[in-house]
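Following: one structure in structure tokens, then a few remarks.
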Amino acid sequence: MIELLGVHKAFGANAVLRGVDLQVARGTSVVIIGGSGTGKSVLLKCILGLVRPDAGAILVAGEDATMAGREAFLARFGMLFQGGALFDSLPVWQNVAFRLLRGAKKRPRAEAREIAVEKLRRVGLGSEVAELYPAELSGGMQKRVGLARAIAAEPEIIFFDEPTTGLDPIMAGVIDELIREIVVEMGATAMTITHDMRTVRSVADQVAMLHEGVIRWTGSVAEMDATPDPYVHQFIHGLGQGPIAAVR
Amino acid sequence: MSVSAPLARLGRAVLGALATTGRVAIFALDTVSHMLRPPFYGREFLLAVLQIGWLSLPVVGLTALFTGAALALQIYAGGARFNAESVVPSIVAIGMTRELGPVLGGLMVAARVASSIAAEIGTMKVTEQIDALVTLSTNPMKYLAAPRVLAATLTVPVLVAVGDSIGIMGGWLVGVNRLGFNSATYLRNTAEFLEGWDVGSGLAKGAVFGFLVALMGCYHGMHSGRGAMGVGAATKSAVVGASVLILASNYLLTEVFFSA
Ligand SMILES: Nc1ncnc2c1ncn2[C@@H]1O[C@H](COP(=O)(O)OP(=O)(O)OP(=O)(O)O)[C@@H](O)[C@H]1O
Ligand SMILES: [Mg+2]
């Protein structure tokens, strides 16, 4: 479904991605792990075309992502940004229903609002937040509104950039379950970035570790636990000692 | 090297300025092309009309009132030197409609609107809201830039018309209350000497200034650097750019409109 071949991206002298190869099969859930600042968010933005890679190819369902008609191409995607990226000029429900209020997937306002409230419920937010503005919500609530917006139009491919950061453990569990449901029920393809090992275990069909600009290791959760790779071992157990320097 | 270093620096500066001019021109063409092609975002347009037009009325009105009043005093004082005090009504009217109404109105709008557009769009850029728009299949140029530029182009002439009227009224107030003009004579003089093109040229200038102000706000907002510093710098560049462009284009337009 999604194929990355030798993707490179540098910001000035900072070579962030140095030849990323990754295959994601249709209907599977891939979790990307890796140290802070290794380029996980940049990787997702490259696939979405928000950041133009310096070299390499990105294919989505066999089509070159950089060539395809932009709007139709992006209509298949949902994205939760790391910072939420909610539109602060619009109330919460209009954020969630953004795609349903304009463009190709436009519906009557009342119906769009109903769908928005339903999606908010799925991320554990009551209908009372629908009329609030993003600035009136807590950080974790904003994150969940972002999540609701990402899934609102039922996209085929969904990217979650740190969906559970800033949430309490119970809510994090609810979100993990939701992501799992979306993949299993809707047959969506998901890529999730997380630092939360519990999310990795409950969401991933496949785990990929990004380190020093390449996918250093990839495999299932069971393989991740068994792998002798010292980098993966150090990372998933959060050890100070190991090949990854703790002080950078 | 030492001899040519200043030249090299000058060359770099000129090339940089040319490159920026090119980028702004492309941005402007892109914005205009989005105004002409659907989908149109009517709600965004109406909000922009409210923001740019309606909410600028007090600032533009006050500016015009005091300018018209001061103008009447100055022209009276100047006219007294060759016994031509009677020109006050017509010169105030011509000065306001041709020059001061559009230019000062435009500058006030630049301060108010270019800054707020640049800060708003710049913040959206920095907080990834622009990226989010793109992933939601919405073109930021169409959704953010086109409605604002169109709204400014259409509403600033209206603001200028209101400013012209208030400015003339300011002159009349001073003329009647301080300079001893007869109210009816003052108004008759104003109406008699004022020509349609005096007003029309000012309104045309207003449209150009409105376009430039919103364009600068959108351009610098969209190209904002990262973080609060980036947004601050974008806001400053938008106001400075808009003001300079207003004054420069005012000269050019005046040449085009009035040089025989
Ligand atoms: N627009 C940009 N301009 C310049 N540098 C950038 C830009 N975006 C990202 N970077 C740099 O790319 C590197 C990777 O950033 P990225 O946000 O992908 O990290 P990450 O792996 O998502 O980290 P985290 O887990 O902390 O979110 C960082 O060094 C960052 O400074
Ligand atoms: Mg990140």
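We did not get these values from a lab; they are worked out from the coordinates using the rules stated. In this text the structure is predicted, and so the values were computed from the model without any measurement. FYI the Cβ positions are ideal-geometry reconstructions off the backbone, even for glycines, and counts take in every protein chain you see.
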Task: Value of [θ]222 nm, deg cm²/dmol, for chain A, DSSP H segments ≥ 4, -39500 (n - 2.57) each, nearest 500 - done: -10000 deg cm²/dmol
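Taking the Cβ of A:I151 as the center, what net charge do the other residues with Cβ under 9 Å away carry, scoring Lys and Arg +1 and Asp and Glu -1?
Working: positive: A:K119, A:R122, A:R149; negative: A:E154.
Within the 9 Å Cβ shell, the charges total +2.
When the gyration tensor of the protein assembly as shown is built from Cα positions, what are the square roots of 5 times its three eigenvalues, in whole Å, from largest to smallest? Can you show the working numbers first?
Values: eigenvalues 657, 136, 68 Å².
Over the Cα atoms of the protein assembly as shown, the semi-axes work out to 57, 26, 18 Å.
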Task: Calculated FRET efficiency for the pair A:K106/A:A135, C-beta based, R₀ 25 Å, to 0.05 - done: 0.40
Task: Highest-fluctuation residue, B:V149, B:V240, B:V208 considered, GNM on chain B with Cα pairs under 10 Å - done: B:V240
- [ ] Select from B:L62, B:L71, B:L136 the residue whose mean-square fluctuation is largest in a Gaussian network model of chain B (Cα-Cα springs shorter than 10 Å).
- [x] B:L136
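How much length is gained on full extension from A:A245 to A:E63, taking 0.36 nm per residue of separation minus their Cα-Cα distance? Intermediate results must be reported in sequence, preceding the final value.
Numbers: separation 182, 0.36 × 182 = 65.52 nm, distance 3.85 nm.
Extra length from A:A245 to A:E63 when fully extended: 61.7 nm.
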Task: On Cα atoms only, tilt of A:139-151 relative to the major axis of chain A in degrees - done: 80
Open item on the list: Around A:L17, under 9 Å between beta carbons, what's the net of Lys plus Arg minus Asp minus Glu among the other residues?
Closed with: +1
Task: Gaussian network model of chain A, springs between alpha carbon atoms under 10 Å - residue of A:I32, A:I193, A:I170 with greatest fluctuation - done: A:I170
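Do any of A:K143/B:K125; A:K45/A:K105; A:K45/A:K143 go past 21 Å between their Cα atoms, and which? Don't skip to the answer; put the middle values down first.
Working: A:K143/B:K125 18 Å; A:K45/A:K105 23 Å; A:K45/A:K143 18 Å.
Where the Cα-Cα span goes over 21 Å, the pairs concerned are A:K45/A:K105.
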- [ ] For B:R226 paired with B:E195, estimate the spin-label separation in nm (one decimal), with each label point 7 Å from Cα along the Cα-to-Cβ line.
- [x] 5.8
Open item on the list: Using the Kirkwood formula on the Cα atoms of segment B:4-258, what hydrodynamic radius do you get, in angstrom to one decimal?
Closed with: 19.6
Open item on the list: At 222 nm, what value in deg cm²/dmol follows for chain B if DSSP H runs of at least 4 each add -39500 (n - 2.57) and the sum is divided by all its residues, to the nearest 500?
Closed with: -26500 deg cm²/dmol
Task: Nearest-20 debye value, the protein assembly as shown charge dipole, Cβ charges on Lys, Arg, Asp, Glu - done: 840
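For B:S4 and A:A13, what does the FRET efficiency come to when R0 = 41 Å and r is the distance between their Cβ atoms, rounded to the nearest 0.05? Write out the running numbers ahead of the final one.
Details: r = 28 Å, r/R0 = 0.69.
About 0.90, to the nearest 0.05.
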Open item on the list: Quick check for you: which residues of segment A:156-194 have the amide N under 18 Å from the point 7 Å beyond the Cα of A:Q23 toward its beta carbon?
Closed with: A:189-191
TODO: Arrange the following residues from fewest to most other Cβ atoms within 10 Å of their Cβ: A:S202, B:S183.
DONE: B:S183, A:S202
- [ ] In nm, give the distance between the simple-model label positions of B:L36 and A:D205, each being 7 Å from the Cα along the Cα-to-Cβ direction.
- [x] 4.8
Open item on the list: What distance in nm separates the two pseudo spin-label positions at B:R81 and B:A19, each 7 Å out from Cα along the beta-carbon direction?
Closed with: 4.9
TODO: Report the residues of segment B:131-175 in range of a label on B:L73: point 7 Å along Cα→C-beta, backbone N strictly under 14 Å from it.
DONE: B:170-175
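Around A:P169, what is the net charge, scoring Lys/Arg as +1 and Asp/Glu as -1 over all other residues with Cβ under 11 Å from its Cβ? Please list the in-between numbers first.
Numbers: positive: A:R198; negative: A:D168, A:D176, A:D196.
Residues close to A:P169 contribute a combined charge of -2.
Over the whole of A:47-53, what's the average partner chain Cβ count within 10 Å per residue? Rounded to a whole number, please.
Details: counts 0, 3, 2, 6, 1, 0, 0.
So the per-residue partner count for this stretch is 2.
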